[in-house]
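Below: one structure, written as structure tokens.
The values are calculated or read from the model by the stated rules, or taken from the named source; none is laboratory data. These figures come from a predicted structure and were not determined experimentally. Using ideal geometry, Cβ is built from the backbone for each residue, glycine included, and neighbour counts are taken over all protein chains shown. The area values use the complete protein model at the heavy-atom level, side chains included, leaving out ligands, DNA and RNA. Shrake-Rupley method; radii C 1.70, N 1.55, O 1.52, S 1.80 Å.
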Amino acid sequence: MSAVLERFLRYVKYDTQSDEHSSTYPSTSKQLVLLRDLADELRSLGLRDAAMDQHGYVTATVPSTSSKHMPAIGFITPWTKHS
């Protein structure tokens, strides 16, 4: 089994069901379990600045592997009430 498939199968075991009546982000505390584990996994992969904020946004910086000056790129995927 590939490492990508193993990782995917591990992620889908988390219960991340949202609560459409919640006024918090993410909408349930159980969603934070996956997010905390993702931040921990990023740190274990060497991304020392991996962190999760109070709203559940996980961020990390991947250093450039190029000697050229390149612009930074960001990827964002929000939690939604109906995820």
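List the trypsin sites (Lys or Arg not before Pro) within the chain that fall in a DSSP loop (any state other than H, G, I, E or B) and whose Cβ has at most 13 other Cβ atoms within 10 Å.
Answer in residue order: 13, 48, 68, 81.
Could you work out the relative contact order of the chain, using alpha carbon pairs under 8 angstrom and six or more residues apart, expressed as a whole percent?
27
Take residue 59 and residue 76, extend 7 Å from each Cα along the Cα→Cβ direction, and tell me the distance between the two endpoints in nm.
My value for the distance between the label points is 1.0 nm.
Across 10 Å bins from 0, what is the distribution of all Cα-Cα pair distances for the chain, in whole percents?
Result, from short to long distances: 16, 39, 32, 11, 2 percent.
Loop only by DSSP, 16 or fewer other Cβ within 10 Å of the Cβ. Give me the chymotrypsin sites (Phe, Trp or Tyr not before Pro) in region 1-55 that pass, ordered by residue number.
Qualifying residues, ordered by number: 14.
Percent of accessible area on the chain owned by carbon and sulfur, 1.4 Å probe?
Looking at the chain in its full context, I get 58 percent from C and S.
Heads up, I need the accessible area for residue 44: 1.4 angstrom probe, whole protein in place, Å², nearest 10.
90
What value, in deg cm²/dmol to 500, does the helix sum -39500 (n - 2.57) over DSSP H runs of n ≥ 4 give at 222 nm once divided by the residues of the chain? Intermediate results must be reported in sequence, preceding the final value.
Details: 2 runs with 25 residues, N = 83.
That calculation yields -9500 deg cm²/dmol at 222 nm.
Roughly how many nanometres apart are two label points built 7 Å out from the Cα toward the Cβ at residue 51 and residue 25?
Taking the simple label geometry, residue 51 and residue 25 are separated by 1.8 nm.
Counting other C-beta atoms within 10 Å, and keeping those with at most 15, which DSSP coil GluC sites (Glu not before Pro) do you find in region 6-43? List each step's numbers first, then the result.
Working: sites: 6, 20, 41; in loops: 20.
Qualifying residues, ordered by number: 20.
Taking a probe of 1.4 Å, how large is the accessible area per residue of the chain, in Å²?
Details: 6840 Å² over 83 residues.
Spelled out: the 1.4 Å probe surface of the chain, per residue, equals 82 Å².
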